[in-house]
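I have placed the structure first, in the form of structure tokens, so that the comments after it can refer back to it.
Every number in this text was worked out from the coordinates using simple rules, so none of it is lab data. Just so we're clear, the structure is a prediction, and the values are computed from it rather than from any experiment. In this analysis, Cβ positions are derived from the backbone assuming ideal geometry, glycine residues included, and neighbour counts consider all displayed protein chains.
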There are 2 protein chains.
Amino acid sequence: MSEQAAPSPQLSRGEFGLLILGLLGRREMYGYEIVAELRRSSEGAIDLPEGTVYPALRRLERDGLIGGHWVDVVGGAPRRRYYRLTEQGERALAAGREDWLRFKSAADAVLGS
Amino acid sequence: MSEQAAPSPQLSRGEFGLLILGLLGRREMYGYEIVAELRRSSEGAIDLPEGTVYPALRRLERDGLIGGHWVDVVGGAPRRRYYRLTEQGERALAAGREDWLRFKSAADAVLGS
DNA sequence: GGCGACTACCTAGCGACTCTAGGTACTCAG
DNA sequence: CTGAGTACCTAGAGTCGCTAGGTAGTCGCC
């Protein structure tokens, strides 16, 4: 290992980034859609403002975990930037899922629910 | 409202603080012990450095969620600062547990585990 | 023709948190 | 006398989340 710095030694950092990766693991999506889809598929429990999501998408792209491309929409609607996982992003998602499972049961043990 | 700022609109902020509250909900503990106990009861999954825990304890005390008192130890060992939950801390822990449950199932839905 | 609502993107800057990397001070074993 | 253990602490850097704006176009409504 150590071909690259581990991004989440402790989870907690980049947690929302992981959720975005989770969504993009299902299908290609654009920022505005991610905000809505996150709210919908979490039944309102996770409601990230745009000012959180757009910078997160830029970080994920900067770090090579996702790739984006512009798509023009017919009918004068604003163009969209669609993102999909890169191969590195797939691996990060898989690792992140494991981290999440570990963290979840650890936190459950501590919180005693 | 605004008798006091809501501390966790989205979880994620003060998550480790919540874990500390969870431990202190079981019994009085001191900082150094919390580090070890967190590592032990999470089976190594959560391993916070002292530089994270001590400032977190100070914040929690500053915010009135925990109260600390010094205890001298016989035998020349360093004195310890034991912390226990205040009433406000108990309430915060209960609310935090609910937040955690909501966040957990939301994240599970998104990550699809 | 003007107003609000919606889609879709973006950024600067504040505040908050985590962690690194030290430091203090004392005890005990070898 | 060196190292390991206990137990506390802090400054500073880096990162992240969110507020609060802004741009720009379309659409429906009165």
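One decimal, nm, shortest first: give the distances between the label point of B:ARG102 and those of the same position in the other copies, each label point 7 Å from Cα along Cα→Cβ.
Sorted ascending, the copy-to-copy spacings read 2.9 nm.
Pairs of alpha-carbon atoms within less than 8 angstrom and 6+ residues apart define the contacts here; what relative contact order does chain A have, in percent?
RCO, chain A: 27 percent.
Please list the equivalent ellipsoid semi-axes of the protein assembly as shown, computed as the square roots of five times the alpha-carbon gyration tensor eigenvalues, in descending order and whole angstrom.
Its equivalent ellipsoid spans semi-axes of 38, 20, 14 Å.
Taking a label point 7 Å out from Cα toward Cβ, give me the nm distances from B:GLY64 to the same spot in the other copies, shortest first, one decimal.
The answer, with the shortest distance listed first, is 5.0 nm.
Please find, among residues of chain B, the one with the beta carbon closest to the rotation axis relating it to chain A, distance in whole Å.
B:LYS104, 3
With the label 7 angstrom out along Cα to Cβ, how close does A:GLU90 come to the same site in each of the other copies, in nm, nearest first?
Sorted ascending, the copy-to-copy spacings read 5.3 nm.
Using modelled amide H (1.01 Å from N, peptide plane; none on Pro or chain starts), what sits under 5 Å from the amide H of A:THR86, excluding residues fewer than 5 places away?
The answer is A:ILE66, A:GLY67.
Could you give me D for chain B, from Stokes-Einstein at 4 °C and 1.567 mPa s, where the hydrodynamic radius is the Kirkwood radius over C-alpha pairs? Units µm² s⁻¹, please.
Stokes-Einstein gives a translational diffusion coefficient of 85 µm²/s.
Go through the stretch A:36-113 and name the GluC sites (Glu not before Pro) that are in a DSSP coil and have 11 or fewer other Cβ atoms within 10 Å of their Cβ.
A:GLU43
I'd like the mean, over residues of A:35-46, of how many other protein chain beta carbons sit within 10 Å of each residue's own Cβ.
Neighbouring Cβ atoms belonging to other protein chains average 4 per residue here.
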